[in-house]
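Undergrad: Got a structure for you, written out below as structure tokens; questions coming shortly.
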Amino acid sequence: MRLGKRDVRLIVWSAIFVVSQANIVRLLGSAGPRVLQVQTAWSADRYRQVLGSMDAAETARFRSHYYPDFVHPALYAVALRVGAERLGELAPLDTAVARALAVAPVVSAAGDYIENVVGLHLLDHPEHITDSLVRATSAVSIMKWALALGCSAYLSAGFGRLWWRALRT
């Protein structure tokens, strides 16, 4: 099977995403679990507790992940959109599904940017940590994850079906 130009484009953008994700995981190190804990804190007390559980080195690592995470959302949004375009070329998609696969990565990335701005701000201004801000940011985080993972799951299932059919023939 020969790869076309669009297949290579999908592979390249997917690889860029994976490298970016691996870099963020590397930067976070032992502070990695704190990201999900902060993103799902639901209260100011819990948010402060998570931030307070980190020593100075972990806090520095936690802070350092935000800077590449200002590029990462654009990378995963492009990778997901390229994947949706390619899947749509290989197997016709319902118009509503195609529209959702085009919009969801962009909305997810926008949520990621909001989350990053708020997270950096709260690291420097813990006095601004309130229940309402934490709940709103957690809701944005969960929406971001649902949209990105939902798109990824749909694309994985779609490509999986195509590859399975190709293997059987």
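Undergrad: Looking at residue 150, is it at pLDDT 95 or above and either within 19 Å of residue 7 (Cβ to Cβ) or under 14 Å from the mean Cα position of the chain (by Cα) (or both)?
TA: For residue 150, the condition - at pLDDT 95 or above and either within 19 Å of residue 7 (Cβ to Cβ) or under 14 Å from the mean Cα position of the chain (by Cα) (or both) - is met.
Conditions tested, residue by residue: (1) under 30 Å from residue 45 (Cα atoms); (2) buried (at least 20 other Cβ atoms within 10 Å of the Cβ); (3) not acidic (Asp, Glu).
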| residue | (1), (2), (3) |
| --- | --- |
| 96 | no, no, yes |
| 101 | no, yes, yes |
| 108 | yes, yes, yes |
| 118 | yes, no, yes |
| 122 | yes, yes, yes |
| 126 | yes, no, yes |
| 132 | yes, no, yes |
| 141 | yes, yes, yes |
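Undergrad: So is residue 156 within 15 Å of the chain's Cα centre (by Cα), under 29 Å from residue 38 (Cβ atoms) and assigned to a helix (DSSP H, G or I) or not?
TA: Considered against the rule, which asks whether it is within 15 Å of the chain's Cα centre (by Cα), under 29 Å from residue 38 (Cβ atoms) and assigned to a helix (DSSP H, G or I), residue 156 comes out as no.
Undergrad: For a quick check of your reading: which helices (runs of 4 or more DSSP H) sit entirely within the range 34-144 and have at least 1 residues that are farther than 29 Å from residue 5 by Cβ and in contact (Cβ under 8 Å) with a residue 40 or more places away in the chain?
TA: 44-52, 56-66, 95-124
Undergrad: Something else: Return the pairs, sorted by first residue and then second, in which the second residue is surrounded by 15 or more Cβ atoms within 10 Å (Cβ to Cβ) and not in a helix (DSSP H, G or I), the first residue lies in the range 11-27 and is free of Cβ contacts under 8 Å to residues at least 24 places away in the same chain, the beta carbons are less than 7 Å apart, and the residues are 6+ apart or on different chains.
TA: Cβ pairs passing all conditions: none.
Undergrad: Being more than 25 Å from residue 135 (Cα to Cα) and buried (at least 19 other Cβ atoms within 10 Å of the Cβ): is that true of residue 3 here?
TA: No: the conditions fail for residue 3.
Undergrad: Suppose we keep only residues that are under 18 Å from the mean Cα position of the chain (by Cα) and among the polar types (S, T, N, Q) within the range 36-48. Which one would you say is farthest from residue 131 (Cα to Cα)?
TA: 37
Undergrad: What number goes with the only condition from (1) within 19 Å of the chain's Cα centre (by Cα); (2) hydrophobic (A, V, I, L, M, F, W, C); (3) modelled with pLDDT of 95 or more; (4) crowded, with 18+ Cβ neighbours inside 10 Å that residue 51 does not pass?
TA: (1)
The values are calculated or read from the model by the stated rules, or taken from the named source; none is laboratory data. Because the structure is predicted, anything quoted here is derived from the model rather than measured. For neighbour counting, all protein chains shown are included, and Cβ atoms are generated from backbone atoms with ideal geometry for every residue, glycine included.
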